[in-house]
1. Kindly indicate whether any position in the stretch 134-156 is among the aromatic types (Phe, Trp, Tyr), under 28 Å from Arg352 (Cα atoms), free of Cβ contacts under 8 Å to residues at least 60 places away in the same chain and in the same structural domain as Thr215 (by TED's automatic domain parsing).
2. Scan the stretch 208-220 for residues that are surrounded by fewer than 22 Cβ atoms within 10 Å (Cβ to Cβ) and of a type outside the set (Lys, Arg) and jot them down.
3. Condition test on Thr70, is it modelled with pLDDT of 90 or more, in the same structural domain as Tyr140 (by TED's automatic domain parsing) and in contact with a Ser or Thr (Cβ under 9 Å, 6 or more places away or on another chain)?
4. Among Met111, Met134, Met142, which is the only one that is within 16 Å of the ligand (Cβ to nearest atom) and of a type in the set (A, V, I, L, M)?
5. Using the structure shown, decide if Thr77 is crowded, with 16+ Cβ neighbours inside 10 Å, at pLDDT 95 or above and more than 16 Å from the ligand (Cβ to nearest atom).
6. Wholly within the stretch 209-319, which strands (runs of 3 or more DSSP E) include no fewer than the required count, namely at least 2 residues that are within 16 Å of the ligand (Cβ to nearest atom) and within 20 Å of the chain's Cα centre (by Cα)?
7. Return yes when Tyr224 is crowded, with 22+ Cβ neighbours inside 10 Å and touching a helix residue (DSSP H, G or I) at 6+ places or on another chain (Cβ under 6 Å) and no when it is not.
8. Return the residues of the stretch 300-352 that are small (Gly, Ala, Ser) and in contact (Cβ under 8 Å) with a residue 12 or more places away in the chain; say none if nothing qualifies.
Amino acid sequence: MTGTVNSSIHPSPVPFQQSAMNSMKPSKISPIRNAIKLASCAVSLSAALASPAIAQHAVITIYHHVSDSTPRSTSLTAQELRTQLEYLRDNDFAVWPLDRVIEALKNQEPMPDKVAALTFDDAYESIYTTGWPMLKEFDYPMTLFVSTQPVDNEQSGYLTWPQIREMADQGVIIANHMVYHPHMVDAQPGESEAGRLQRLREELLTAEARIKEQTGQSHKILAYPYGEYDLEILDMIESQGFTALAQNSGAVGYHSDFRALPRYPLAASYADIESASTKLNSLAFEVRQIDPVSPMTDSRRPAVTMQLAGDFNVSQLGCYANGQPMDLEWLDRDAVHFRIQPAEGQEFAMRRFNYICTAPKRGTSRYYWFSKFWTRSTPDNAD
Ligand SMILES: [Zn+2]
């Protein structure tokens, strides 16, 4: 532990985590901050007792551009990335390759208490020119999710295959982001449901084969473009033997859904270390029940029931929509089984949104963190 531990003692989380691709500007809110201040008095004791704990959780971050001249919603600056990497280094994080994190969690191996995997989507130029060199400086592994068509087309702003091969040859995991970066939940005009799934399966395997042809790698790990998926896609991914990653926030653990692992977008308003450190230190609830499982909805304020487990005080469980605390109705408080729905007037108009539930782990300043991801099938705008 070093002096920078202060930022984990006094975190300022933004409980509402929007998909990095969404344009809505979330409001920062304060209710959780008071809870954190109450919990933080215990942290010096737990820090003093810090040991190579046997844990069963990790966090995965997602980045796009590392630049101050690209769209801010999917960018963080070089300095913001450096500050995050310094935080990981100075706070005893083990930064593992993504495939190692996935295998350890799937096999339920004992893990260090703080494990992070760093991922970059879309093979943008600044990942090669700025992000990767910085990660090498810290000796941190990374994963690059590549949509193959822009690279094959030598599209401006994207990496070339020789650049991607250079990264692969130096240990970067190159993984699947489909061929055309599609909205996978959308059928094409006139396309049947069977036709959509057949098209997606072919596109998935085509991208995997192209990446293997160019880099020799085939990890069978997919990052959903826009973080979007539905139940049929989850089944298809599983049947093809893939693991898949989404873009909604949350920690990963032994009990995560390996067909849609959450990742923390740490760009834009989530790039600052006060906000990011809370997420980097977060823990995975065990989600014992969730209904509906599907993220697809026609509603602007869908309800969901959940049963969560972990070492937390039920009275400190909070769920948030649009940055606002949600109404929480207990179905069985002892079993931590509950129903949440945004209050009337807190409706979502955009295509993708999240509900976030958090609770501090007893005796620590670390938070369990889970988000329920939604995609509206009838959005007011296409993206
Ligand atoms: Zn993407």
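1. Checked the stretch 134-156: no residue is among the aromatic types (Phe, Trp, Tyr), under 28 Å from Arg352 (Cα atoms), free of Cβ contacts under 8 Å to residues at least 60 places away in the same chain and in the same structural domain as Thr215 (by TED's automatic domain parsing).
2. Result: Ala209, Glu213, Gln214, Thr215, Gly216, Gln217, Ser218, His219.
3. Answer is yes for this residue.
4. Working: Met111 fails: within 16 Å of the ligand (Cβ to nearest atom); Met134 fails: within 16 Å of the ligand (Cβ to nearest atom).
That would be Met142, the only listed residue that is within 16 Å of the ligand (Cβ to nearest atom) and of a type in the set (A, V, I, L, M).
5. On the way: crowded, with 16+ Cβ neighbours inside 10 Å: yes; at pLDDT 95 or above: yes; more than 16 Å from the ligand (Cβ to nearest atom): yes.
Yes.
6. Qualifying strands (runs of 3 or more DSSP E): 221-223, 243-245.
7. Details: crowded, with 22+ Cβ neighbours inside 10 Å: yes; touching a helix residue (DSSP H, G or I) at 6+ places or on another chain (Cβ under 6 Å): no.
For Tyr224, the condition - crowded, with 22+ Cβ neighbours inside 10 Å and touching a helix residue (DSSP H, G or I) at 6+ places or on another chain (Cβ under 6 Å) - is not met.
8. Result: Ala303, Ala309, Gly310, Gly318, Ala321, Gly323, Ala335, Ala343, Ala349.
The values are calculated or read from the model by the stated rules, or taken from the named source; none is laboratory data. All figures in this text were calculated on a predicted structure; none of them were measured in a lab. Cβ atoms come from the backbone with ideal geometry, glycine included; neighbour counts cover every protein chain shown.
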